[in-house]
Amino acid sequence: MSVRLLYLVRHGEYIRGSEHAAGALTDLGRQQAKHLAERLRGTKFTAIHHSPWERAAQTAAIVAEPHAGVPLEANDLLKECIPAVPDAQHLSDGHKDFLASFPEEVLAAGAAQAAKALDRFAGPALGGKELLVTHGNLINWFVSKALDSPDHAWLRMVDYNCALSVIAYWPERTRLLSYNDMGHLPAHMRGTDYPAEARI
């Protein structure tokens, strides 16, 4: 029975304060990506897909270096988005403020994009291993859907830069093999965009 493994990676640390879709990797972000590339060096990917946003594209290029001949493709479905707006009863005040900062059309577009991303990349397909270099919200959406979790579950996860999540898709079942695995990163490179108390 064939299994399809979907590797999900959040981009490396990036320079903030520029346009929402921009932000090149920091020096630390490039180092995070190099450690991840070494971790994945022996993995036989059939394709590597990435968000077109600069931080994800740069991360993907570094991770792809040991995989000569493997297609490396940008895909708009992998841009950061708001994948779902849960019922208010499941939202903290912080979540409510965060979601309220986006126009309705952006929220609607995010939900549509997330659904299309699942249709495109989730599921057993023809087996093999594919890598997606994308953004935290979308990774957490993939993970929550793999677990058949409610729509608010994606807001309850913390996804580190260049951490690794892997979902296994068999024709009749789905399993989460790992989430936010950062064993390849030295301690000082883990969770650098989160407060110290949220780093492990």
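What follows is calculated from the coordinates using simple rules that are stated; it is not laboratory data. In this text the structure is predicted, and so the values were computed from the model without any measurement. Don't worry about glycine lacking a Cβ; one is built from the backbone with ideal geometry, like all the others, and counts go over all protein chains shown.
Observations on the model:
- Residues whose placed amide H lies under 5 Å from that of Leu164, excluding near-sequence neighbours: Asn180, Asp181, Met182
- FRET efficiency for the pair Ser92 and Thr46, taken as 1/(1 + (r/R0)^6) with r the Cβ-Cβ distance and R0 = 41 Å, rounds to 0.55.
- Long-range HN-HN contacts of Gly128 with modeled amide H, under 5 Å: Val3, Leu5
- Span from the the stretch 124-164 Cα centroid across to the the stretch 37-80 one, whole angstrom: 16 Å
- Listed values for the stretch 160-167 are Karplus-derived 3J(HN,Hα) couplings in whole Hz (6.51 cos²θ - 1.76 cosθ + 1.60, θ = phi - 60°), namely 7, 4, 6, 7, 10, 10, 9, 10, and x replaces Gly and Pro.
- Gyration tensor (alpha-carbon) shape descriptor, the stretch 87-199, a/c threshold 1.5: oblate
- Antiparallel DSSP beta bridges within the chain, as percent of all bridges there, nearest 5: 45 percent
- Normalised by 2.2 N^0.38 Å, where N is the number of residues, the alpha-carbon radius of gyration of the stretch 54-152 equals 1.22.
- The listed peptides 64-75, 81-92, 4-15, 162-173, ordered by packing as a protection proxy, come out as 4-15, 162-173, 81-92, 64-75 (highest mean of other Cβ atoms within 10 Å first).
- Here the dipole of the chain is about 760 debye; that uses its Cα centre as origin and unit charges on the Cβ of Lys and Arg (positive) and Asp and Glu (negative).
- Cross-link partners of Lys44 among lysines (Cα-Cα below 17 Å; sequence separation of 8 or more within a chain): Lys129
- Put simply, the amide H of Ala24, placed in the peptide plane, has neighbours under 5 Å in Ile15, leaving out anything fewer than 5 places away on its chain.
- Highest mean first, the peptides 134-143, 28-37 sorted by other C-beta atoms within 10 Å per residue fall in the order 134-143, 28-37.
- From the C-alpha gyration tensor of the chain, square roots of 5λ in Å: 24, 21, 16
- With contacts taken as Cα pairs under 8 Å at a separation of at least 6 residues, the chain carries a relative contact order of 31 percent.
- Packing-based exposure ordering (other Cβ within 10 Å, fewest first) of Tyr160, Tyr179, Tyr194: Tyr194, Tyr179, Tyr160
- Solvent-free Debye scattering, log10 I(q)/I(0), computed from the Cα coordinates of the stretch 18-95 at q = 0.13 Å⁻¹: -0.53
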